[in-house]
Amino acid sequence: MKFRAKIIDVGCLNHFTRVVNTISKLTKTCVLRLTPDNLYFVLAGKIASGGVSMWCELSQANFFDEYQLEGVAPEANEICLEVTPDNLSRALRTAQNAKCVKIKLTKKHCPCLTFAAELPTLSSISRVVTHDIPVDVIPRRLWHDFKEPSMPDFDVSIYLPPLKTMKNVVDRMKNLSNFLVMEANLNGEMNLKIETDLVSVTTHFKDLGNPPWGDDGSQGRNPSRDPKLMAHTRVDIRKLQQFLMGQQVNPSKAMCNIVHKRIIHLILLHEDVSLQYFIPAVV
């Protein structure tokens, strides 16, 4: 089982750092799944018990100048590690101006991801900053928990408004309530609502557009659905706020799929990165 990779391009390094920073804001621990073509950050929360789940996919060729992987077996050429994203983020923070960063799976007192950043210097002596980040190797028998989640059978899919705007709205609403209702229809309309004994607040968004998912450009499971009919889900406002606060990917597309009264499925797409985040409903 071997893994080593190298980033030389400063643009790629900064982009990778932003992705890791985003993940670190969303979860304290997650699984880093390494395959020959892709890296995945996975949080397999149990939706049924109220936990969020996350799936972030990166194409390794768009980030790394060198990338070598030998998985646990020829027929299972991948490695799964439990990592603390904040530790990865700290290591990358010290490497922002590095000439190159090497990442290697090593065995110290325990399995580690070793980050070695070669920093610029005025003399001929090279300066290398090394971080040994402890990880847990996940046995193959548990890998089935970390496969890509299936697309939920949603009622409505809609493009999101600018995430900064949405964050500002949610930040204000959080001061008034612990729960938020997110609703949308096939007319490109979305509402964020809170209701308490004392106050009722709704923010309306319109003309957002609806992504075409079907082969014929149709939406969802019910082609005869009334376009004005709202699908809604009530969620813990802190979980939505956490998602919006951590966002550093600067997506080219941001979407939301709503499974009526069950799940909000958020999707961010940016060229070589996709991030999916699932927030379960609360009663």
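Between V128 and K167, what FRET efficiency follows from the Cβ-Cβ distance if R0 is 41 Å, with the result rounded to 0.05? Walk me through the intermediate numbers first.
Details: r = 38 Å, r/R0 = 0.93.
With R0 = 41 Å, the Cβ-Cβ based efficiency is 0.60.
Exposed loop GluC sites (Glu not before Pro) only (DSSP loop, at most 14 other Cβ atoms within 10 Å): please give the longest stretch of the chain free of them, not including the sites. Intermediate results must be reported in sequence, preceding the final value.
Numbers: sites that count: E75, E271.
Within the chain, the longest run free of exposed GluC sites (Glu not before Pro) spans 76-270.
So what is the relative contact order of region 66-159, in percent, for Cα pairs below 8 Å that sit 6 or more residues apart? Before the final figure, lay out each step's value.
On the way: 112 pairs, mean separation 22.2, N = 94.
Taking the mean separation of contacting Cα pairs over the length of region 66-159, I get 24 percent.
Restricting to Cα atoms and excluding each atom paired with itself, what does the Kirkwood estimate give for region 18-138 in Å?
Numbers: mean 1/r = 0.0641 Å⁻¹.
Mean inverse Cα-Cα distance, inverted, gives 15.6 Å.
Can you give me the angle between helix 237-246 and the longest principal axis of the chain, using Cα atoms only, in degrees from 0 to 90, rounded to the nearest 10?
Approximately 40 degrees, to the nearest 10.
Nearest 0.05, what FRET efficiency do R4 and K28 give at R0 = 25 Å with Cβ-Cβ as r?
Working: r = 26 Å, r/R0 = 1.06.
So the FRET efficiency works out to roughly 0.40.
How large is the helix-only mean residue ellipticity at 222 nm for the chain, computed as the sum of -39500 (n - 2.57) over DSSP H runs with n ≥ 4, divided by its residue count, in deg cm²/dmol to the nearest 500? Can you show the working numbers first?
On the way: 4 runs with 48 residues, N = 283.
Helices in the chain give a 222 nm mean residue ellipticity of -5500 deg cm²/dmol.
Could you give the length gained on full extension between D153 and A76, defined as 0.36 nm per residue of separation minus the Cα-Cα distance, in nm? Write out the running numbers ahead of the final one.
Details: separation 77, 0.36 × 77 = 27.72 nm, distance 3.01 nm.
Length difference between fully extended and current span is 24.7 nm.
Considering only protein heavy atoms, what per residue accessible area in square angstrom results for region 1-57 with a 1.4 angstrom probe? Don't jump to the answer; show the numbers that get you there.
On the way: 2260 Å² over 57 residues.
Per-residue value: 40 Å².
Pairing the Cα long axis of helix 10-26 with the longest principal axis of the chain, what angle in degrees results, from 0 to 90 and rounded to the nearest 10?
Approximately 50 degrees, to the nearest 10.
Which is farthest toward the positive dipole end of the chain among V19, T29, N250, measuring Cα position about the Cα centre, with Cβ charges +1 (Lys, Arg) and -1 (Asp, Glu)?
T29
From the Cα gyration tensor of region 107-176, with a ≥ b ≥ c the square roots of its eigenvalues, which class applies: rounded if a/c is under 1.5, or else prolate if a/b is larger than b/c, or else oblate? Let's see the in-between values first.
Details: a/c = 3.02, a/b = 1.50, b/c = 2.01.
Oblate, because a/c is 1.5 or more while a/b does not exceed b/c.
For region 120-220, rounded, prolate or oblate, judged on the Cα gyration tensor with a ≥ b ≥ c (square roots of eigenvalues), a/c < 1.5 rounded, else prolate if a/b > b/c?
Prolate shape, in that a/c is at least 1.5 and a/b is the bigger ratio.
Near the amide H of V135, under 5 Å away, which other amide H atoms are found, from residues 5 or more places off or on another chain, if H is placed in the peptide plane?
C112, L113
What's the local net charge at L88, with K and R +1, D and E -1, over the other residues with C-beta under 15 Å away?
Numbers: positive: R18, K25, K28, R33, R90, R93, K102, K104; negative: E82, D86, D132, D136.
Net charge around L88: +4.
Working with all protein chains in place, sort R172, R238 by solvent-accessible area computed with a 1.4 Å probe, largest first. Intermediate results must be reported in sequence, preceding the final value.
Details: R172 165, R238 135 Å².
Reading off the accessible areas and sorting them downward yields R172, R238.
Taking K and R as +1 and D and E as -1, what net charge do the other residues with C-beta under 14 Å from the C-beta of C110 add up to? Intermediate values should be presented prior to the final figure.
Values: positive: K107, K108; negative: E82, D132, D136.
Net local charge, C110 excluded: -1.
Under 8 Å for C-alpha pairs, at least 6 residues apart: give me the relative contact order for region 4-126, rounded to a whole percent. Could the numbers behind the result be given before it?
Values: 212 pairs, mean separation 37.2, N = 123.
Here the relative contact order equals 30 percent.
How much length, in nm to one decimal, is gained on full extension between D86 and K261, taken as 0.36 nm per residue of separation minus their Cα-Cα distance? Don't skip to the end; give the middle numbers.
Values: separation 175, 0.36 × 175 = 63.00 nm, distance 3.27 nm.
Full extension of this stretch gives 59.7 nm more.
Rounded to the nearest 0.05, what FRET efficiency do Q68 and H204 give with R0 = 45 Å and r taken as the Cβ-Cβ distance? Could you check?
Approximately 0.30, to the nearest 0.05.
Once the piece of chain linking E57 and E118 is laid out straight, how much longer is it, given 0.36 nm per residue of separation minus the C-alpha distance between them? Each step should come with its number before you reach the end.
Values: separation 61, 0.36 × 61 = 21.96 nm, distance 2.68 nm.
Gain in length upon complete extension: 19.3 nm.
Report the charge-dipole magnitude of region 147-187 in Debye, nearest 20, computed about the Cα centre from +1 at each Lys and Arg Cβ and -1 at each Asp and Glu Cβ. Present the calculation step by step, with values, prior to reporting the outcome.
Values: 5 positive and 5 negative charges, 67 e Å.
Roughly 320 debye for region 147-187.
Just check the chain against the gyration tensor rule for me: Cα atoms, a ≥ b ≥ c as the square roots of the eigenvalues, rounded for a/c under 1.5, and otherwise prolate or oblate depending on whether a/b exceeds b/c. Display every interim value, and only then the final one.
Numbers: a/c = 2.14, a/b = 1.85, b/c = 1.16.
Because a/c hits 1.5 or more and a/b exceeds b/c, the chain counts as prolate.
In the chain, what percent of the accessible surface is made up of carbon and sulfur (1.4 Å probe, ligands and nucleic acids excluded)? If you can, show how the numbers build up before the last one.
Working: 7040 of 14250 Å².
So the carbon and sulfur contribution to the accessible surface is 49 percent.
For K167, K102, give the ranking by accessible area with the largest first, probe 1.4 Å. Before the final figure, lay out each step's value.
Numbers: K167 60, K102 105 Å².
The ordering from most to least exposed comes out as K102, K167.
For region 170-184, in order, what is each residue's ³J(HN,Hα) by Karplus, 6.51 cos²θ - 1.76 cosθ + 1.60 with θ = phi - 60°, in whole Hz (x at glycine and Pro)?
My calculation for region 170-184 gives 5, 4, 5, 5, 4, 6, 10, 7, 8, 10, 9, 9, 10, 9, 7 Hz in order.
What is the magnitude of the charge dipole of region 1-144 about its Cα centre, with +1 placed on the Cβ of each Lys and Arg, -1 on the Cβ of each Asp and Glu, and no other charges, expressed in debye to the nearest 20?
Details: 18 positive and 13 negative charges, 85 e Å.
That gives a dipole near 400 debye.
If we count every other residue with Cβ under 10 angstrom of A98's Cβ, Lys/Arg +1 and Asp/Glu -1, where does the sum land?
Working: positive: K99, K102, R127; negative: E118.
Taking every other residue near A98 into account, the sum is +2.
List the pairs from K2/K107; K206/K253; K28/K99 whose alpha-carbon separation is above 19 Å, in the order I gave them.
Working: K2/K107 11 Å; K206/K253 17 Å; K28/K99 29 Å.
Cα-Cα > 19 Å for K28/K99; rest within.
The values are calculated or read from the model by the stated rules, or taken from the named source; none is laboratory data. In this text, all values refer to a predicted model and were calculated from it rather than measured experimentally. Quick reminder, even Gly has a Cβ in these numbers, built from the backbone with ideal geometry, and neighbours come from all protein chains shown. Calculation scope for accessible area: heavy atoms of the full protein, side chains included, ligands and nucleic acids excluded. Shrake-Rupley method; radii C 1.70, N 1.55, O 1.52, S 1.80 Å.
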